[in-house]
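Enquirer: Submitted below is the structure of interest, expressed as structure tokens.
The values are calculated or read from the model by the stated rules, or taken from the named source; none is laboratory data. Everything numeric here is computed off the predicted structure, so don't read it as measured data. Neighbour counts run over all protein chains shown; Cβ positions are idealised from the backbone, glycine included. Each accessible area value is taken on the protein alone, full model and side chains, heavy atoms only, with ligands, DNA and RNA left out. Shrake-Rupley method; radii C 1.70, N 1.55, O 1.52, S 1.80 Å.
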Amino acid sequence: MPLAYSVPTDLSPATVVNATSLLRIVALALISGAAIASRLFAVVNFESIIHEFDPWFNYRATRVLASEGFYEFWNWFDPTAWYPLGRVVGGTIYPGLMATSGVIYNILHALNLPVDIRNICVLLAPGFSALTAWSTYMFTKEMKNESAGLLAAAFIGIVPGYISRSVAGSYDNEAIAIFLLMFTFFLWIKALKTGSALFGTLAALFYFYMVAAWGGYAFITNMIPLHAFALILMGRFSSRLYVAYSSWYAIGTLASMQVPFVGFQPVRTSEHMAALGVFGLLQIIAFSELVRAHVSSKQFQSLLYASVIGMGILGALGIVGLTYKGWIAPWTGRFYSLWDTGYAKKYIPIIASVSEHQPTAWPSFFMDLQLLIFLFPAGVVLCFRELRDEHVFVIIYAVVASYFAGVMVRLMLTLTPCVCVCAAVAFSSVLDTYIDPVEPEAVEEDAQTAGDGAVSASSTAVSTSSGSTTTTKKGKKAAPAAHAGPLDGLVSTVSAAVSSKKGEKARGIFGGDTRLAVILNALGMLLFFVLHCTYVTSSAYSSPSVVLASTNPDGSQHIIDDFREAYYWLRQNTPETAVVMSWWDYGYQIAGMADRPTLVDNNTWNNTHIATVGKAMSSSEEVAYPILRKHDVDYVLVIFGGLLGYSGDDINKFLWMVRIAQGVWPDEIQEPNYFTAKGEYRVDDEASATMKNSLMYKMSYYRFAELFGGNQAVDRVRGQQMPRIGPTLDYLDEAFTSENWIVRIYQVKKDDLLGRDLRTANAFEQGKKRKRSKPVARRKAIV
Amino acid sequence: MVPHWRRPLPLLLLSLLCPSFTSAHSFENTAVVRTIDLGGSLVHVTTTYAVKALENGATVYTLALAEREHKRTSWLEAKIKGQQEILPMEAAGFDTENGVHLYSVELPQALRTNGTTNIVVETMETHATYPWPEEAGQKDGQALKHDTDLFVVSPYETNVERIKFKLPSPNAISYSTPDGLDEYTLDNPVAKSGTTITYGPFNNVPVTAEARFLKSKQKKVTVHYNYDHPVLEITKLKRTAEISHWGANLNIEDNIDLHNAGPRLKGHFSRLEHQSSTFFGRLPPHVLPSVALHLPPNICSPYFYDLIGNVSTSHLRVGHMPSEQFSLLELRPRYPLLGGWNYSFTLGWDSPLRDYAGFDKSTGKYVIGVPLMTLVPGAVVDEAELQIILPEGATDVDFFPPFPPIQSYVKTHITYLDTVGRPAVVLEYKDLTTKHAGTIYVTYKVPFSAHMKKPLAVATAFMTLFILGFAVKRIDIRIQKK
């Protein structure tokens, strides 16, 4: 057999096996290292700090868990959240993340490693990303082989689509959920392949962990039944499927009901009905298979039709009836918004107001996945070539996740693993084909020794992982191949495409130059992928958003730390019971950093309460004041970016407050009132009266114009010139403003001691005369 | 309050000390001059006693402090005028009858009858001033009041007595003019010149350390003055010094609760006004934008963070021995500290151990000197806890504080890679001032086996891991052979 380049022939099979397994372990270790290291930009550039909003709650809850113990945490009622309602934290969260950190914390402390709980929380996501890389490797190994697995692990390790949710400090449920997702899928595939109840049970256990960790578990709850259902429709029902699915569903559902927040949902909500339905269907089919084994085929046919149709109708009717009766909850709003992207905007503005719930923009696919997005379809097509049971799974996963990723930005996260797997399958097929040294039997057999050395040298980097790992597989399969000697294992073709057609007309790659061209190209793509990932990670996804960075003229970094300045001021210089009102975005941060009760926070469970805050912010002072007093509000906190040009400020979010308030009080708050006559959203002189009188506007621009010392005041975010005379406040006092004016805190005045209206009292103190209600008519001189 | 200034006295003297001070009449004060240096949190009082012995062999001079004075005093030291040695002093207990606290000072040599000497007594008073008005707006100035008793309390008769108040700035807002002093002076009892307010001279003052006098004749004096610096108070200081022989490193970490004890902010903080006053360089006296601290030289990897993370607003200029004696840290809290505001933070750094520790070959012991605290200029430390963590396995731990703590004990502290934990010396103090900056010396032995504990523990842990991995890989635990 002609070879494109020479291969060593004097290696024993044991050496090859050992060397490949060592290389695999080293490669996986390096991939884990790269995955962790690339997530540390945030720590290196800033500090070990919890990022964004939700992670602050998770961190706070973890601290309670670590200091008070698990049972205290379980029964934790937090009176400082949703003041005055409070929040039963133990029963309204997915505790998986906190429990994981708590376990790690306790183990380390038991080993006399007193690591700070904050550092555990910060580094949890990078740590789990290494595990995700490993589980993706295991999963892809089931799809194709080890070499594809290693590629997939490397992809998922550094792909920005996953890094965006798992940089150090982004301590959110997704940090561990993607690992659990991939590992549950791997176990499911394994269970399906082997028909082993052990793997089914393991899949159920990891499913339970996933349920405890992330609300996105519903994705697994529907993916696995969908896969099973597709297999049944394809006529691929087998006892392996029956065993795998039944063991997963029965144990997994019972286990998931142990999580208090989930409770009886698995049997009572529509989201979980598909799993139940498929479970029932499988029982029916299994039973019919049993009957078929005992009854003659003609009788069986009629029996089958009658029973399947009857049971199907009965089951569907049952579910519909139970839904109608209210036993099964209908689809939730969040679910509908997945099918109709305009739904949330119409009916649940609070969901639509979150930026990560917006439909994905096309460029972000490229930004998050780069070359993988092109390889992804190729990988899916390659799955069709073999179409084993597990390939059906990947195809379904690819279709479903692609749709969801297009609907919602944050669901890009669920698509990413699938893209990595498919892309790895495609990419490793290319490499397999082109690295394979076997040349097809051709008429002209030129000695190509000239190019050989170059090829083997340039491709060693890849061949160490892919080329040699394939040999292990071949080594294991040595018996059926019946060839003797290691050389056959090495030289036998790898890709199914090539090997299947070996018997027929010879097809393959001729020469070293073609190999070199393609492989160099492929390596170049990988290199650019790495550069892109590093660039995107460091520039776009590694900002804590609590701390802002800017660059000084001399190139050094300047930290803008206004948020922590203001939160720390609240923490140190206000009474511990002082209630702080702010828009819900900042609720978790205030609770976490300032340690003060808040009215609303990022757990947006009570729309009315949020609308109340929205109403207070968007009404005039006189209307807002009673609301503030009734809710015992001591301080009101607003974010204002006008001085610095920080665009994520409250004036830019203001229309959402208006919309949410309008949803509850359509008579009092109307969105059009906040626009100018021309329909523009302005804050300058032309702003509408309602806008100018709103509490939010007044608090944002209070004394802002004075800062410019007589010059024209400019709002740098909106690029508008502010009126020379700013708004005045009668019912609130400015209590604190941070260094760059980003956070402004106002204290709500207590009722006037003399029982006057606060506006009158203020006017009196400033020495203004009270206007007479009726001007005294001057007597006209009689002519 | 437990006195800090107790010094070991020869046993011989103990017999002389008894609460009823039988030796009380062996002296007479020919002249007493008290100078009260008014400050923010700290008031420095220097009293010079010109003493004449009334009997032969008089060696023990008794000082008396009235109840309030005693409560305020956190530092007390007596010297002979013009000499450096500090005289031995012993608390002689509380005289319940007269309501004064007594201290006995041992003179360097016994005085004969009519022999004279000058004793200079320095005290540091804390919490002796209070802001008045209690509230001040952001642009307002800052004024403090100091209340004190006029006459120096002494168990001896005094011929001439003067009390001087030194003000930080020439204009005093007000000072009291006591009346009913005709007994002691015929002139105006008070005079002000420049930054000094002088009361007296008062002649023929009787024994003041007695209940009758304190009740009826003692006068209260109040001085109200402007103070141009923030009044700082450290409500809690927790210093942890960790010694590592393996790393040749001394890590010092301070947890500081800083409080601006000046007038409470009236109304609210306006950033606009703050920015304009910073711009024009006219920061009101009660606003603290930053503190400059002197840290030890040769330090490295300093850190400054608070409960919610790193604070990036600080500058450190590391000084290098021997030319520079300190490193300068300009520490800016997250927000300017206005009257009544708090800020708590953690400050830490590493130092080379050789700058602090030595090995005594004769005893086989290590000696380490740890500075008691970092001075925050003009601030009083209300409560301080100093913890010195010695290397694991250190034995024969002895410690020598510069002055006795309220409480001290040795506990076990467990940290990274420890197996049994390290001994930690804990000392607790109260009301520390600039005068208290001292060094505490700790001596200990570390046997060679203790040094080896750490690598052995780590090696054992890894060995166990490898053996477990080995075992799992090699042992077949399948029930059914395939």
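Enquirer: Scan the stretch B:294-309 for residues that are part of a strand (DSSP E or B) and open to solvent by 50 Å² or more (accessible area, probe 1.4 Å) and jot them down.
Expert: Going residue by residue through the stretch B:294-309, those that are part of a strand (DSSP E or B) are B:294-295, B:300-306, B:309.
B:HIS294, B:CYS300, B:SER301, B:PRO302, B:TYR303, B:TYR305, listed by residue number.
Enquirer: Related question: Does B:LYS473 qualify as being away from chain A (no Cβ under 14 Å) and open to solvent by 70 Å² or more (accessible area, probe 1.4 Å)?
Expert: On the way: away from chain A (no Cβ under 14 Å): no; open to solvent by 70 Å² or more (accessible area, probe 1.4 Å): yes.
So B:LYS473 fails the test.
Enquirer: Now for a separate question. State all residues of the stretch A:686-738 that are more than 39 Å from the chain's Cα centre (by Cα), among the acidic types (Asp, Glu) and open to solvent by less than 50 Å² (accessible area, probe 1.4 Å); if no residue qualifies, say none.
Expert: Correct list: A:ASP730 only.
Enquirer: Further question: Mind listing just one residue for me: the one in the stretch A:609-635 that is hydroxyl-bearing (Ser, Thr, Tyr) and out of contact with any helix residue (DSSP H, G or I) (no Cβ under 6 Å at 6 or more places or on another chain) and, of those, nearest to A:LYS698 (Cα to Cα)? Outline the logic, then answer.
Expert: Just the residues of the stretch A:609-635 that are hydroxyl-bearing (Ser, Thr, Tyr), to begin with: A:612, A:618-620, A:625, A:635.
From what's left, out of contact with any helix residue (DSSP H, G or I) (no Cβ under 6 Å at 6 or more places or on another chain): A:612, A:619, A:625, A:635.
Working: A:THR612: 18, A:SER619: 11, A:TYR625: 13, A:TYR635: 15 Å.
The residue in question is A:SER619.
Enquirer: Could you please let me know if B:GLY364 is assigned by the TED database to the domain that holds B:LYS430, open to solvent by 10 Å² or more (accessible area, probe 1.4 Å) and either touching a helix residue (DSSP H, G or I) at 6+ places or on another chain (Cβ under 9 Å) or modelled with pLDDT under 90 (or both)? Walk me through it before giving the result.
Expert: Values: assigned by the TED database to the domain that holds B:LYS430: yes; open to solvent by 10 Å² or more (accessible area, probe 1.4 Å): yes; either touching a helix residue (DSSP H, G or I) at 6+ places or on another chain (Cβ under 9 Å) or modelled with pLDDT under 90 (or both): yes.
Spelling it out, B:GLY364 is indeed assigned by the TED database to the domain that holds B:LYS430, open to solvent by 10 Å² or more (accessible area, probe 1.4 Å) and either touching a helix residue (DSSP H, G or I) at 6+ places or on another chain (Cβ under 9 Å) or modelled with pLDDT under 90 (or both).
Enquirer: Is it the case that some residue within the stretch B:378-392 is under 20 Å from B:SER244 (Cα atoms), of a type outside the set (Lys, Arg) and either surrounded by fewer than 16 Cβ atoms within 10 Å (Cβ to Cβ) or free of Cβ contacts under 8 Å to residues at least 24 places away in the same chain (or both)?
Expert: Looking through the stretch B:378-392, none of the residues is under 20 Å from B:SER244 (Cα atoms), of a type outside the set (Lys, Arg) and either surrounded by fewer than 16 Cβ atoms within 10 Å (Cβ to Cβ) or free of Cβ contacts under 8 Å to residues at least 24 places away in the same chain (or both).
Enquirer: Can you name every one of the helices (runs of 4 or more DSSP H) wholly within the stretch A:187-297 that holds 2 or more residues which are in contact with a Ser or Thr (Cβ under 7 Å, 6 or more places away or on another chain)?
Expert: Where helices (runs of 4 or more DSSP H) fall fully within the stretch A:187-297 and carry at least 2 residues being in contact with a Ser or Thr (Cβ under 7 Å, 6 or more places away or on another chain), they are A:197-213, A:217-233, A:239-256, A:273-294.
Enquirer: Hey, among the residues in the stretch B:172-214 that are aromatic (Phe, Trp, Tyr) and not in a loop (DSSP other than H, G, I, E, B), which one's nearest to B:GLY39 (Cα to Cα)?
Expert: Our first condition is that a residue be aromatic (Phe, Trp, Tyr); within the stretch B:172-214, this holds for B:175, B:184, B:199, B:202, B:213.
The next check asks that each one be not in a loop (DSSP other than H, G, I, E, B); those that pass are B:175, B:199, B:202, B:213.
Details: B:TYR175: 16, B:TYR199: 19, B:PHE202: 25, B:PHE213: 29 Å.
If we take residues in the stretch B:172-214 being aromatic (Phe, Trp, Tyr) and not in a loop (DSSP other than H, G, I, E, B), then B:TYR175 is nearest to B:GLY39 (Cα to Cα).
Enquirer: Can you work out which of the residues in the stretch B:73-116 that are surrounded by 18 or more Cβ atoms within 10 Å (Cβ to Cβ) and among the polar types (S, T, N, Q) is farthest from B:LEU432 (Cα to Cα)?
Expert: My answer is B:ASN98.
Enquirer: Run A:ILE651 past the list (1) part of a helix (DSSP H, G or I); (2) within 14 Å of another protein chain (Cβ to nearest Cβ); (3) buried (at least 20 other Cβ atoms within 10 Å of the Cβ) and report the number of the one that doesn't hold.
Expert: (2) is the only condition that A:ILE651 fails.
Matching residues to (1) open to solvent by 30 Å² or more (accessible area, probe 1.4 Å); (2) farther than 14 Å from A:ALA566 by Cα; (3) in contact (Cβ under 8 Å) with a residue 12 or more places away in the chain:
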{"position": "A:ARG596", "(1), (2), (3)": "no, no, yes"}
{"position": "A:THR612", "(1), (2), (3)": "no, yes, yes"}
{"position": "A:GLU622", "(1), (2), (3)": "yes, yes, yes"}
{"position": "A:LYS630", "(1), (2), (3)": "yes, yes, no"}
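Conditions tested, residue by residue: (1) within 30 Å of A:GLU576 (Cβ to Cβ); (2) within 14 Å of chain A (Cβ to nearest Cβ).
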position: B:PHE279; (1), (2): no, yes
position: B:ILE299; (1), (2): no, no
position: B:TYR303; (1), (2): yes, yes
position: B:PRO333; (1), (2): yes, yes
position: B:PHE345; (1), (2): yes, yes
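Enquirer: Moving on. Select from the stretch A:54-84 the residues that are touching a Ser or Thr at 6+ places or on another chain (Cβ under 8 Å) and away from chain B (no Cβ under 14 Å) and list them in ascending order. Lay out the reasoning, then the answer.
Expert: First, pick out the residues of the stretch A:54-84 that are touching a Ser or Thr at 6+ places or on another chain (Cβ under 8 Å): A:55, A:62, A:65-66, A:80-83.
Once the filter is applied, which keeps residues that are touching a Ser or Thr at 6+ places or on another chain (Cβ under 8 Å) and away from chain B (no Cβ under 14 Å), the stretch A:54-84 yields A:THR62, A:LEU65, A:ALA66, A:THR80, A:ALA81, A:TRP82, A:TYR83.
Enquirer: Would you mention how many residues in the stretch B:281-293 are assigned to a loop (DSSP other than H, G, I, E, B) and touching a residue at least 60 places away in the same chain (Cβ under 8 Å)?
Expert: We begin by selecting, within the stretch B:281-293, every residue assigned to a loop (DSSP other than H, G, I, E, B); these are B:281-287, B:289-290.
From what's left, touching a residue at least 60 places away in the same chain (Cβ under 8 Å): B:284-287.
Residues that pass the stated criteria total 4.
Enquirer: Filter the stretch A:739-762 down to the residues that are open to solvent by less than 20 Å² (accessible area, probe 1.4 Å) and assigned to a loop (DSSP other than H, G, I, E, B), then identify the one that is nearest to the other protein chains (Cβ to nearest Cβ).
Expert: So the first thing to find is which residues in the stretch A:739-762 are open to solvent by less than 20 Å² (accessible area, probe 1.4 Å), and the list is A:741-746, A:748, A:758, A:761.
Imposing the further condition that a residue be assigned to a loop (DSSP other than H, G, I, E, B) reduces the set to A:741-742.
Working: A:TRP741: 7, A:ILE742: 11 Å.
Taking the candidates together, the pick is A:TRP741.
Enquirer: Given the condition more than 14 Å from every other protein chain (Cβ to nearest Cβ), in contact with a strand residue (DSSP E or B) (Cβ under 7 Å, 6 or more places away or on another chain) and of a type outside the set (A, V, I, L, M), answer yes or no: does some residue in the stretch A:685-706 qualify? Quick ask: steps written out before the conclusion?
Expert: Within the stretch A:685-706, the subset more than 14 Å from every other protein chain (Cβ to nearest Cβ) is A:685-698.
Subset that is in contact with a strand residue (DSSP E or B) (Cβ under 7 Å, 6 or more places away or on another chain): A:696.
When the remaining residues are screened for being of a type outside the set (A, V, I, L, M), the result is none.
No, the stretch A:685-706 has no match at all.
Enquirer: Which condition number in (1) assigned to a strand (DSSP E or B); (2) surrounded by fewer than 21 Cβ atoms within 10 Å (Cβ to Cβ) is the one that B:GLN275 fails?
Expert: (1)
Enquirer: Considering only the stretch B:310-322, state which residues are modelled with pLDDT of 85 or more and assigned to a loop (DSSP other than H, G, I, E, B).
Expert: Listed by number, the residues that qualify are B:VAL311, B:VAL318.
Residue by residue, here is whether (1) of a type in the set (A, V, I, L, M, F, W, C); (2) open to solvent by 50 Å² or more (accessible area, probe 1.4 Å); (3) under 26 Å from A:VAL399 (Cβ atoms) holds:
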site	(1), (2), (3)
A:HIS227	no, no, yes
A:ILE232	yes, no, yes
A:ALA244	yes, no, yes
A:ARG268	no, yes, no
A:VAL291	yes, no, no
A:SER296	no, yes, no
A:TYR305	no, yes, no
A:THR323	no, no, no
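Enquirer: Is it the case that the stretch B:414-423 has a residue that's more than 14 Å from chain A (Cβ to nearest Cβ) and either surrounded by 14 or more Cβ atoms within 10 Å (Cβ to Cβ) or of a type in the set (Ser, Thr, Tyr) (or both)?
Expert: So the first thing to find is which residues in the stretch B:414-423 are more than 14 Å from chain A (Cβ to nearest Cβ), and the list is B:423.
Checking which are either surrounded by 14 or more Cβ atoms within 10 Å (Cβ to Cβ) or of a type in the set (Ser, Thr, Tyr) (or both) leaves us with B:423.
Within the stretch B:414-423, one or more residues are more than 14 Å from chain A (Cβ to nearest Cβ) and either surrounded by 14 or more Cβ atoms within 10 Å (Cβ to Cβ) or of a type in the set (Ser, Thr, Tyr) (or both).
Enquirer: Please work out if B:GLY267 is touching a residue at least 40 places away in the same chain (Cβ under 8 Å), within 14 Å of another protein chain (Cβ to nearest Cβ), buried (at least 18 other Cβ atoms within 10 Å of the Cβ) and on the phi > 0 side of the Ramachandran plot. Spell out the reasoning first.
Expert: Numbers: touching a residue at least 40 places away in the same chain (Cβ under 8 Å): yes; within 14 Å of another protein chain (Cβ to nearest Cβ): yes; buried (at least 18 other Cβ atoms within 10 Å of the Cβ): no; on the phi > 0 side of the Ramachandran plot: yes.
It is false that B:GLY267 is touching a residue at least 40 places away in the same chain (Cβ under 8 Å), within 14 Å of another protein chain (Cβ to nearest Cβ), buried (at least 18 other Cβ atoms within 10 Å of the Cβ) and on the phi > 0 side of the Ramachandran plot.
Enquirer: Pick out the one residue from B:LEU375, B:LEU338 that is closer than 30 Å to A:GLU565 by Cα and within 14 Å of chain A (Cβ to nearest Cβ). Reasoning before the result, please.
Expert: Values: B:LEU375 fails: within 14 Å of chain A (Cβ to nearest Cβ).
One residue alone meets the criteria, B:LEU338.
Enquirer: For the condition surrounded by fewer than 15 Cβ atoms within 10 Å (Cβ to Cβ) and in contact (Cβ under 8 Å) with a residue 24 or more places away in the chain, what is the one hit in A:SER6, A:SER48? Don't jump to the end; show me each part of the working.
Expert: Working: A:SER48 fails: surrounded by fewer than 15 Cβ atoms within 10 Å (Cβ to Cβ).
When all the criteria are applied, what remains is A:SER6.
Enquirer: Among what's in the stretch A:545-575 and is within 32 Å of the chain's Cα centre (by Cα) and of a type in the set (D, E, K, R), pick the residue that is farthest from the other protein chains (Cβ to nearest Cβ).
Expert: The extreme case among them is A:ASP562.
Enquirer: So which residues in the stretch B:323-343 are farther than 13 Å from A:PHE736 by Cβ, open to solvent by less than 20 Å² (accessible area, probe 1.4 Å) and part of a loop (DSSP other than H, G, I, E, B)?
Expert: Matches in the stretch B:323-343: B:PRO333, B:GLY339.
Enquirer: Could you pull out the residue among A:VAL409, A:VAL419 that is β-branched (Val, Ile, Thr), crowded, with 17+ Cβ neighbours inside 10 Å and touching a Ser or Thr at 6+ places or on another chain (Cβ under 8 Å)? Walk me through how you get there before you give the answer.
Expert: Working: A:VAL419 fails: touching a Ser or Thr at 6+ places or on another chain (Cβ under 8 Å).
When all the criteria are applied, what remains is A:VAL409.
Enquirer: Looking at (1) in a helix (DSSP H, G or I); (2) modelled with pLDDT of 85 or more; (3) of a type outside the set (D, E, K, R); (4) open to solvent by less than 70 Å² (accessible area, probe 1.4 Å), which is the one condition that is false for A:LEU314?
Expert: (4)
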